[in-house]
Amino acid sequence: MCRRFTTVSRLLLLTAGLAGFQSTQAEYGINFPPPAADVAQEIYDIHMLTMRIATFLLLVVFSFIIYSLYFHRKSRGYQADQNFHNTWFGNWSWVIVPALVLGVDLTIASNADTVLKKVWDVPKDEKLMDVKVTGHQWWWEFDYLDHGIKVESRYIPEEKAGDLYLREVDNRLVLPTDTKIRFLHTSADVLHAFWVPELAFKKDAIPGYVTETWSEINREGVFRGQCAELCGTWHSRMPLVVESVSPEKFQEWVNEQQAIKVATAAEAASTKTWSKNELMTKGKALYETKCAACHQVTGLGLPPAFPPLNGSPIVNGPVEGHLNMVINGKPGTAMQAWGSLNDLEIAAIVTYERNTWDNKAGDTVQPTDVALAR
Amino acid sequence: MSYTNALHDEAHHHDNPTGWRRWLFSTNHKDIGTLYLLFALTMLFMGGASAMLIRAELFQPGIQLLDPDLYNNLVTNHALLMIFGAVMPAAAGLANWMIPLMIGAPDMALPRMNNLSFWILPAAGTMLILSFVVPFFPGGGSQINTGWTLYPPLSVQVGMSMDFLIFAIHLLGISSVLASINIIVTLLNMRAPGMTLMQMPIFCWTWLVTAFLLILVVPVLAGGVTMLLFDRHFGTSFFDAAGGGDPVLFQHLFWFFGHPEVYVLLLPSIGVLSHIIPTFARKPLFGYKSMVGAMIAVGTIGMVVWAHHQYTIGMSLGAVSYFMIGTIIISIPVGLMIFNFIATMWRGAMTFETPMLFAVAIILMFTFGGLSGVMLAVVPADMQYHDSMFVVAHFHYVLMPGAVFGLFAGVFYWLPKWTGHMYDERLGKIFFWINVTGFNLTFFPQHFLGLAGMPRRIIDYNVMFTEFNAISSVGAMIFGFSHLLLLYIIIKTIRGGEPATNRVWEGAKGLEWEVASPPPFHTWETPPLIRQEQTS
C-alpha cells in the first residue's frame, strides 16, 4: 500500500505544482518553460488540458482499485460475487465503457484539432521573414534569406561555457520580436531536429526535404534548446540558442553582420599573397571551430569514424588530394564537402593542417591554388 | 481423433532422449518452451547490463564512463536485446509451454518447425552481440550509433557492424514468423474436441492476435532493412535523397512494423493477466467477449496508426489529424481491457501472492503509461514531447508493466506448474517491492526531464538536468540489481522446494491445472473432455 500512496501523493504534488504555482515550475524544471510566442502558448495550454484530464482519470481509476484492494479481499472474509459478470452491468459494460472513453477522446481530440489548425500551417498571403535552418553534424547554420546573412552556430567547450555548457553557442540565432518568422528546415547530412521549447516547435531536418514551422516571438529574451533527433557521435553537442530583440535592435544587428560579410569577402577577394604565419593563425582558428569536433584539436581524430589528420597520408601527400578532400568531402562518410567556405578560408585550413602537430609538409597553400582546385 | 493418434504414435519414437540431444533435437513443446525462457532470461541480463551502463553514465553531467559512440551503441543494443532477445522469446516460451496444456493438445502442431524457430534464435542473438562487439576489433569499422530505429542516412554511415545487425534482424524475423505460423496452426486445429474458439483461454486468444500481427508486420521490417543493406553496399538509393530516394520512407517502413510490435510485446502479457487476476480474485474473468473484441480492435487499429512516431517529419495537416485521431481511438479498446481487469477484481475475494502483486501493479502503472500515451498522441503537444525524455519515460511505463512485469507475473504464476515446486513466496514479495520501487524511481523523474527540455539519446547534459538524472540513475541500479534476486528465486525453485499440487492456486481454473505438477513429458495424449466450467 505504501508505494501506491507515494505514487498518488507524487502525482498530487505534480498536479498542484503544474496547476497552481507558476513560479515554482521554473525553479524545479518540471514543466515546459514559459512560452514566448502565441503558437507556444496554444501548445502549452493543450498540454495542460490533456495533462489535467489524464491526471483526473488516473485518480478515478486509482480510487476504484484502492477501494477494491482494501474491501474485496479474502482476509476480510469477503465472499467473491461469482455472478458479477452476468449482471446487467456486466452485460452492457462493453458499450458503457467505450462510450465514456469515447467522450473523453472526443474532448481531447476536438481541442487538439482546433489548436493543430492554428499552429500547423504557416500563415499564407502574409509577408514572413524567412530563416533557413540547416543541420550539420554537429552545428547549425542559419540563413537569413531576406537579409543575405549566414550565421554558423556551434557549442562552446565546458571551460568557456561554465554552467551553460551544452546550452550555449558561439553565435546565437538573433531574431526580432513581433515579426512572423518562417523557419525552413533542412539538413546537409543526417537527420537533426530543431527544438527551442519557448518557440514551441520541433521539426526534423531531413536531407532532401525542406520542412517549415513558424512563430511570432512576443518578448525579448534568450531561449535555449537542443537538437532532438539522434544525429551521431556528438548529438549532445548541438545546442540552439535564440536571442530575441526588438525589431530596431535586430536591424542594427543585421547592418553589423552585413558589414562583416562585406569585409570578409573583400579580404578573400584580394589578390595578395599570404604569408605562412598569417595563414597558420587564420587556419588554427578556423580548424578549431569547423574541424575539431570530429578530428579533434590534437588532430588525432576519433578512429575509426573520424580518422586522425596527424600523420595522415592525405594531409602529408600532394596538395591536390588534400584540397579535393576538403572541398568535395567523402561521400558515404561523415566527411562533408566544405566547398561553401571561401578560398582564403580553405587555404588557411589546409595550410594549417599540413604544418601543425607532426605534419611537416612545409608548403603554404594560397587562395589562388584553391580557386584552381575547384 | 485420428490426428491425435498419429501424433501419439510418433511421440513414442522420440521418447525420453537424454543429454544435449534432448535439447538440440527437441520437438517437445515443454522443452522448447524452457529453452525459449532460458534464452530470454540470458538476454534480459545482457539488455539490463547495457541499460545500467547507460544510467551510470547519465548519473552526473559530463562524460565519465563511456565515449559517445559506445553510449549510442549501448542505447541501440539495449533496445534490440530487450525487445527481440528478452520479451518476444519469453512470450514465445510461455506460449510453447502453456498453449498445448491449455487447449488440451498433445504438442504444438508443427514440432520440428518449433525446434527450428527456437534454434534460429541463438544464431540471431550471436549476430546481434557481434554487431555490438565487432567495432572493438581492428578493422571493425564504427559503432552503431543510430538507436534501434536505424534511421538512414546515419545508418548508412555506420561500419560493418550494421550489416551484422541487419542479418540479426532477418534471423529474428524468420524465427518470429515461424513461431507465429506454428501457434496459429496449433490454435486453429489442435483444440480439444468441443472447445470452440470462444471457449479458448484468453492467453491463447492474445497469442492468436499477436501471431497474426507478427506475420503481417515482420516482413515489412525485413524488407526495410534489406533496402538499407542495398543502399549501403549495392549502390541503390532507396533512402538517399541525392539519388532520388527518400529518408522518410525508411521511417514509414520501420514504424509500420514498430508500432504493431508494441502490441506484440503487450498482448501476451495481457493474456497472462487475464488468467492471474481471476485466479487470485476467485471469480471468473469479467467480460471475456469484450476482452477478445478489444484485443482484435487493438491489433487492427494498431496496424494503421504508425506515423504517430513521426509527427515531426513535416506531414500534411490532414495526415497528422488522421494519425492523431486514430491513436487516441486506441484508448477505447485498451481502456476496456483495463476496465475488465478492475471489474474482475471488484467484489472478488482477493489474496496477494507475488503474481497478483505484479498484476495489480501492472494495472496501476500501465494506466499511467497509457494516459501519458494519450498526451503524446496529441499532435501539437507532441511537437514538444517528441524525442525528449518524456517519451522515454512513457514507453518504459507501458512496456515495462505492459510486457516485462506481465512476463514476470506469468513466470511466478506457472513456475510451480513447470517445476513441481513452490517458489519462495517471501522472497517473491521482496523481489516485487524492490523491483517496482526501483522501476518507479528510475522512470518517474524522466517525465520532468523531458518536459524541462532534455532530449533523449544524449550522453551529456546541462547541469540543469542533474537532480532528476541522479535520482533516475539510483533507481536504475536498484531496479537492475533486483533481477539477481529473481534469478536466485528461479534457480532455488528449480532445485527444490515445497511440492506443488496439480491445481497450485486455490482459484486456478483451466486444463493446464489438471495435469500433474510438473507435467509428464507428454500430456493430453488423449484429448480431455471439455466441460463448461473449465473455460472462461
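Of B:Met190, B:Phe257, B:Thr126, which is farthest towards the positive pole of chain B's charge dipole, taken about the Cα centre with +1 and -1 on the beta-carbons of Lys, Arg and Asp, Glu respectively?
B:Met190
Place +1 on the Cβ of every Lys and Arg and -1 on the Cβ of every Asp and Glu in chain A, take the dipole about the Cα centre, and give the residue among A:Asn316, A:Gly103, A:Leu58 whose Cα lies farthest towards its positive end.
Of the candidates, A:Leu58 comes out farthest on the positive side.
What pairs in A:Lys117/A:Lys202; A:Lys127/A:Lys330; A:Lys180/A:Lys290; A:Lys249/A:Lys284; A:Lys261/A:Lys360 have C-alpha atoms more than 28 Å from each other?
Details: A:Lys117/A:Lys202 16 Å; A:Lys127/A:Lys330 40 Å; A:Lys180/A:Lys290 32 Å; A:Lys249/A:Lys284 33 Å; A:Lys261/A:Lys360 33 Å.
Beyond 28 Å between Cα atoms: A:Lys127/A:Lys330; A:Lys180/A:Lys290; A:Lys249/A:Lys284; A:Lys261/A:Lys360.
Using r as the Cβ-Cβ distance of A:Gln258 and A:Phe56, and R0 as 60 Å, what FRET efficiency do you calculate, to the nearest 0.05? It would help to have the intermediate numbers written out before the result.
Working: r = 55 Å, r/R0 = 0.91.
The formula returns an efficiency of 0.65 here.
In whole angstrom, how far apart do the alpha carbon centroids of region B:294-370 and region B:86-122 sit?
One Cα centre to the other: 26 Å.
Starting from the Cα of B:Ala242, step 7 Å along the direction of its Cβ; do the same at A:Asn277; then give the gap between the two resulting points in nm.
4.1
Under 22 Å Cα-Cα from B:Lys283, which lysines qualify once same-chain neighbours fewer than 8 residues away are excluded?
Of all the lysines, those that pass the test against B:Lys283 - Cα under 22 Å, at least 8 places apart if same chain - are A:Lys74, B:Lys417, B:Lys509.
Pairwise over distinct Cα atoms, reciprocal of the mean inverse distance: report the Kirkwood radius of chain A in Å, one decimal place.
Computed over Cα pairs of chain A, the Kirkwood hydrodynamic radius comes out at 25.1 Å.
Please label the shape of region A:183-278 as rounded, prolate or oblate, based on the square roots a ≥ b ≥ c of the eigenvalues of the alpha-carbon gyration tensor (a/c under 1.5 means rounded; beyond that, a/b larger than b/c means prolate, else oblate).
Details: a/c = 2.34, a/b = 1.38, b/c = 1.70.
Cα axes put region A:183-278 in the oblate bin.
Under a point-charge model restricted to the Cβ atoms of Lys and Arg (+1) and Asp and Glu (-1), what is the dipole moment magnitude of chain A relative to its Cα centre, in debye to the nearest 20?
Details: 35 positive and 42 negative charges, 292 e Å.
My answer is approximately 1400 debye.
If you place +1 on the Cβ of every Lys and Arg, -1 on the Cβ of every Asp and Glu, and leave all else neutral, what size is the dipole of the protein assembly as shown about its Cα centre, to the nearest 20 Debye?
For the protein assembly as shown, the charge dipole is close to 2600 debye.
Taking the beta-carbon count within 10 Å as an exposure proxy, list A:Val196, A:Val262 from fewest neighbours to most.
With the fewest neighbours first, A:Val196, A:Val262 line up as A:Val262, A:Val196.
Taking the Cα centre of region A:271-373 as origin, work out the dipole magnitude from +1 charges on Lys and Arg Cβ and -1 charges on Asp and Glu Cβ, in debye rounded to 20. Spell out each step's value before the answer.
Numbers: 8 positive and 9 negative charges, 23 e Å.
My answer is approximately 100 debye.
Using the basic label-point model (7 angstrom from Cα toward the beta carbon), what is the A:Ala337 to B:Tyr322 distance in nanometres?
Label at A:Ala337, label at B:Tyr322, 3.7 nm between them.
At 222 nm, what value in deg cm²/dmol follows for the protein assembly as shown if DSSP H runs of at least 4 each add -39500 (n - 2.57) and the sum is divided by all its residues, to the nearest 500? Walk me through the numbers on the way to the answer.
Working: 31 runs with 524 residues, N = 910.
Mean residue ellipticity, 222 nm, calculated: -19500 deg cm²/dmol.
Kirkwood hydrodynamic radius, region A:43-99, all distinct C-alpha pairs: what's the number in Å? Spell out each step's value before the answer.
Details: mean 1/r = 0.0703 Å⁻¹.
Hydrodynamic radius (Kirkwood, Cα only) of region A:43-99 equals 14.2 Å.
A:Lys150 to A:Val222: FRET efficiency via 1/(1 + (r/R0)^6), r the Cβ-Cβ distance, R0 25 Å, to the nearest 0.05? Provide the component values of the computation, followed by the final result.
On the way: r = 21 Å, r/R0 = 0.84.
So the FRET efficiency works out to roughly 0.75.
Read-outs throughout are calculated quantities, based only on the coordinates presented, and are distinct from any laboratory measurement. Because the structure is a prediction, the values reported are computed rather than measured. Every residue, glycine as well, gets a Cβ built from its backbone with ideal geometry; the counts of neighbours run over all protein chains shown.
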